[in-house]
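Let me begin by presenting the structure, written as structure tokens, before commenting on it.
Taken together, the values in this text are just the output of simple stated rules run on the coordinates, not laboratory data. Computed from a predicted structure; not experimentally measured. Heads up, the Cβs are rebuilt from the backbone with ideal geometry, glycines too, and the neighbour counts pull from every protein chain shown.
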Amino acid sequence: MRFTLLTSLSLAIGAVPAFAAEFTYENQTAWSDISPTCGIGARQSPIDIVTADAVYNEVARDFVYTNPSLVFGMITNNGHTIQYTLNDASAANTYAEGVLSDSDSTFSLKQLHFHWGITVSNGSEHLMDGKSYPLEVHLVHLNTKYASIDEGAANADGLAVIGLFFEETADESMGTSALAAIAEYAKTNNSVEFMDGATTEKIPLNLDILVNQSQILTTKRFYTYEGSLTTPGCNEAVQWIIAEGVGKVSTSTMDAIRMAKHTTDPRRDTDGIAPNFRDTQALNGRVVTSSFDVDGNGSTINSVGPATWLIAVIAALTAMVA
């Protein structure tokens, strides 16, 4: 089957379902009071990806990916994360073709947001063989047969989210310093919109930079599994695609991101957004699929066929001040 992951910016909408509002990361057990699914769901996210247990899908390497270099949009600090919502005025399409479990589908990129910790030792939501990274970027895509993120979140095939890991480096030439610009704009909890041609100051997102950072296109190495949103209501509507490759982000950039403040909220122990990652959840018998042979021996004995899991690849983006 054919899978298409498309960035159609004319469809760009807000980031998360309306119900993902009042919650804290300090008391995650209380999330089930907001949505019972957070406590009793069987396909919750994030998870610890045990690479030795991943099942190889050889068909996953048969993908084609096309992307524009730049898109434009709006930066917000919603009190839980820094978010970039794609601008309707950006006339660009990004799409990947690969494998889908049951039918042709198109997923449109709506927004990207960030999860990070207070120190270099943690911050990512997903783990890789028990290892946490200081930053994880999520690219949220909506199945275009649904009209909104809310509608997509109500359906098992509604959303596809790309997860990209970043590790800190003292090297200031890694090309990710624009993430600091996003943090600077968003940390005051103000919404700033940069329309194509509407102002002299724009925030373009460079798709190519993160493509090179994660190496997801050049190596075609990633993991995928069926999961959920990682904030309440924890809807089990997400096909997760987690890049194996790890990007680099400078320490100064991470320091700026960690400065992002939460809106005034007496329920929180601190006034900073960080840490804003959910604890890992039980796998509950789910299979994590890989796009490559983890053992490196070329064997396909344990590989799954093209109609088993969604395997999709998209490269991601980072911000760059024009």
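Across the range 119-132, coupling constants 3J(HN,Hα) worked out from phi with the 6.51/-1.76/1.60 Karplus curve, θ = phi - 60°, read 10, 6, 7, 7, x, 6, 7, 6, 10, 10, 6, x, 8, 9 Hz, and Gly and Pro carry x. Under 5 Å from the amide H of Leu135 lie the amide H atoms of Ser124, Phe166, each residue being 5 or more positions distant or on a separate chain, with H modelled from the backbone and absent for Pro and chain starts.
Here Phe222, Phe277 are placed in order of increasing Cβ neighbour count within 10 Å, fewest first, which gives Phe277, Phe222. Each residue in Met259, Met128, Met254, Met74 was given a count of other beta-carbon atoms within 10 angstrom of its own, and listing them fewest first yields Met259, Met128, Met74, Met254.
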